[in-house]
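Report on the structure given below.
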Amino acid sequence: VKRRPPLRDEDLFALLDELETDGPTVVSSVRQPAALKKALRVAVELGLDANANDATVQAVRDRLEAFAQRRALDAHYAAHPGARPSLAEVAQAAAELDGDPLAGEPALIRRAAKEIVAFRPGATGDDVLVYAAGLRSRASA
Amino acid sequence: VTAPAARVVLDNEAVQALSDVAHSKHRRVLAFFEVVNQRSGRRRQPMTILVPVAVRIEARWDRRAPSAASLNRISRARDVALDGSRADRSAELRAATGVSVVDATVAQAAEASTGPAAILTSDTADLRRLATLLDGDVRVVRL
């Protein structure tokens, strides 16, 4: 019996990179909730994408890109543990990207990041910002 | 609070910082990539990283080079090609401000992207000057 070689991250990245060029396409059927199909049709009518096919392909591609990037980031941190930004640093970056006034309060962000992990271990930078905004409004009340 | 950024445009130093583990801003630039990844992976509006091709040339980022493999994978950055109309707009911005060719293409890429865009740069003075001339929501973030 011929066994398939184990798939590697390299295979995923190579295939995603192929999407940058106009490669061949295939037709495939996907079982999906009927309501999802109808919602997609409505969203396309409202301007989501040119057609349902483009919308579906883009959504799947976005998910795969995020997954692949996550794998790459985790591999990088495994090789270079000191490179991993702290939760507070990620939250600070999120605030700066969004033009959020909290960006000017790094001490508050650090405090929020420290406190939130006690009850939400998987908190994201955005979770920290919501929590920090709560701390600030409580302080000003 | 402004709308969340949907696109992040890299300038040369952002690329340099990402590609060199010993760079003083390496960890900071990774924090921005974490935001992009967290938002894209949580079924929120996906964020996209863009790199104008002129930035790739300035940063000597050849995607085919084995040394670029890590940069390609971590960034998942999409190229912004420079066609005739983009070159015209970049030239117009450069003429109005006297900034470098690369900075003009960075600003043009941010302006042409869909949704609010953030430019990651160490050269905030020139790019903030450019940003005042751009249409749409473009913010400049110091690396």
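Values for this structure:
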| read-out | value |
| --- | --- |
| Cβ-derived FRET efficiency at R0 22 Å, A:PHE67 paired with A:ALA39, nearest 0.05 | 0.40 |
| Options B:GLY115, B:ALA125, B:PHE32, ranked by Cα towards positive dipole end of the stretch B:16-143, top entry (Cβ charges) | B:PHE32 |
| FRET efficiency for A:ALA133 and B:ARG63, using Cβ-Cβ distance with R0 set to 35 Å, rounded to 0.05 | 0.30 |
| Over chain B: helical MRE at 222 nm, DSSP H runs n ≥ 4 each giving -39500 (n - 2.57), nearest 500 | -14500 deg cm²/dmol |
| Amide H within-cut-off set for B:VAL9, under 5 Å, with H built and near neighbours excluded | B:LEU50, B:ALA118, B:ILE119, B:LEU120 |
| Cα→Cβ-extended label distance, 7 Å offset, between B:ASP79 and A:ASP17, nm | 1.2 |
| Hz values of 3J(HN,Hα) by residue in the stretch B:94-99 - Karplus curve (6.51, -1.76, 1.60), Gly and Pro given as x | 5, 5, 6, 10, x, 6 |
| The stretch A:1-138, dipole about Cα centre (Lys/Arg Cβ +1, Asp/Glu Cβ -1), debye to the nearest 20 | 840 |
| Of A:ALA75, A:ALA91, A:LEU108, farthest towards positive along the dipole that unit charges on Lys, Arg, Asp, Glu beta carbons give the stretch A:70-117 | A:ALA75 |
| Nearest-20 debye value, the stretch B:44-110 charge dipole, Cβ charges on Lys, Arg, Asp, Glu | 400 |
| Cα-based reach from A:LYS114 at 28 Å (exclusive), listing lysines while leaving out same-chain residues under 8 positions away | B:LYS25 |
| Rounded to whole Hz, the Karplus (6.51, -1.76, 1.60) HN-Hα couplings of the stretch A:64-73, x for glycine and proline | 5, 4, 5, 5, 5, 5, 4, 4, 5, 5 |
| Per-residue ³J(HN,Hα) for the stretch A:76-81, Karplus 6.51 cos²θ - 1.76 cosθ + 1.60, θ = phi - 60°, Hz, x for Gly and Pro | 5, 5, 5, 7, 9, x |
| Check: chain B dipole with +1 on Lys, Arg Cβ and -1 on Asp, Glu Cβ, in debye | 720 |
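Quick note: the coordinates plus some simple rules give every number you see, no bench work behind them. In this text, all values refer to a predicted model and were calculated from it rather than measured experimentally. Positions of Cβ are backbone-derived with ideal geometry, glycine not excepted, and every protein chain shown enters the neighbour counts.
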